[in-house]
1. Give me the percent of the accessible area of segment 210-336 that comes from carbon and sulfur atoms, probe 1.4 Å, all protein chains in place.
2. For the chain, what relative contact order do you get, as a whole percent, if you take Cα pairs closer than 8 Å and at least 6 residues apart?
3. For W106, tell me the accessible area in Å² from a 1.4 Å probe, rounded to the nearest 10.
4. Hey, any idea what % of segment 4-205's accessible area is carbon plus sulfur with a 1.4 Å probe?
5. Determine the calculated [θ] at 222 nm for the chain from helices alone, applying -39500 (n - 2.57) to every DSSP H run no shorter than 4 residues and normalising by the residue count; nearest 500 deg cm²/dmol.
6. Could you compute the net charge surrounding D118? Neighbours are other residues with a C-beta less than 9 Å from the C-beta of D118; K and R count +1, D and E count -1.
7. R0 = 45 Å: FRET efficiency of Q208 with N150, Cβ-based, nearest 0.05?
8. Go through Y330, Y203 and list them by solvent-accessible area, largest first, probe radius 1.4 Å.
Amino acid sequence: MTNFEELKSLLKSTPKKIAILPHKNPDGDAIGSTLAMFHYLNKLGHTCNIVSPNDFPKFLKWMPSAKDIVIADYRPKVAEAIIHQAELIFILDFNTVKRIDDLGNWVERSKAPKILIDHHREPDTFDFMYSDIEMPATCQMVYNFINAMNDLDKIDKGIAECIYTGIMTDTGGFRFRNTSADTHRIVAELIDKGVEVDKVTSYVNDSQTQGRLKLLSLTLNNLTFLPEYRTAFMFLKREDLLKNGFQKGDTEGFVNYGLSVENFVFSVIFIEDTHHNFIKISLRSKSDFDVNEFSRKHFNGGGHINAAGGRSDMNMEETIAYFQSLLTDYKEKLAHIVI
């Protein structure tokens, strides 16, 4: 981390007002890391608030103090005031203020020092930066940060649950290749702190709504196999989402089904936004097929080597046709991916 000793001195001195921000459409790692940092900084005597650009999935709302997160979409004046009054701003699990919509303008106007803790590529420059693209989850970085502060004794069961949730979800249940030996050692420490693995797993994976299961059925019905490219793709249209009572988080993990097919290494899901005319794209891969590069080059997105996102402003049919046309340029590379 850049300027760590200076930041450590700031955090160990006079109590401060601190704003903690996840990215838009926050996932388990974003919510887990912000809540873990929230509880840790409160233990240091600071006054903290988490401000999320928009709402987050119901299956994450069991975590300690999740109900206290300020949703900027619902309470914009409160969110703006928190950022305006903040003496420090923590930016967790995203690399650029472009990922937080209007909150980004407020953050840029703030004179408060800004602290980035994130594992995505090509971050913006902030006052204090802990950026490591090799890390499987920002939550693992939060654990490392607390360790560097010599405060592992302050990790209680609640903080441990938040960190564990972020690591578990961002590693795909510890399946992705960047899940390291250090990851498992940290998870063991979190279990020693009181994490009940079965309960956390159930909270995250077993909170199925009827709508989610119906959407999964539709998605699998739309699943298209392209064996010549070792690729699968699927899609959901706006009317499918609205007809089945879509809630944020309902399509989480659907894209992974394409990778469960023997010998397939690339899976994509296209989801039409319920309010605006664009297609949200999630991409997953195995081994060293880089979906971050693929998404950056073709779909104005990015992420990690095996998990990335993007968008298309074309309609669904045009987007899928364009995607399929791209695969010819990657046929040889996909054919030689070793898994």
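1. 48 percent
2. Answer for the chain is 13 percent.
3. 40 Å²
4. On the way: 4000 of 8540 Å².
Whole-percent figure for carbon plus sulfur exposure: 47.
5. Working: 13 runs with 131 residues, N = 339.
Here the helix-only value at 222 nm equals -11500 deg cm²/dmol.
6. In short, -2.
7. After rounding, the FRET efficiency stands at 0.60.
8. Y203, Y330
The values are calculated or read from the model by the stated rules, or taken from the named source; none is laboratory data. This is a predicted model, so every value here is computed, not measured. All Cβ positions, even for glycine, are placed from backbone atoms using ideal geometry, and neighbour counts span all protein chains on display. For the accessible areas, the whole protein counts, side chains as well, though only heavy atoms, and no ligand, DNA or RNA atoms are used. Shrake-Rupley method; radii C 1.70, N 1.55, O 1.52, S 1.80 Å.
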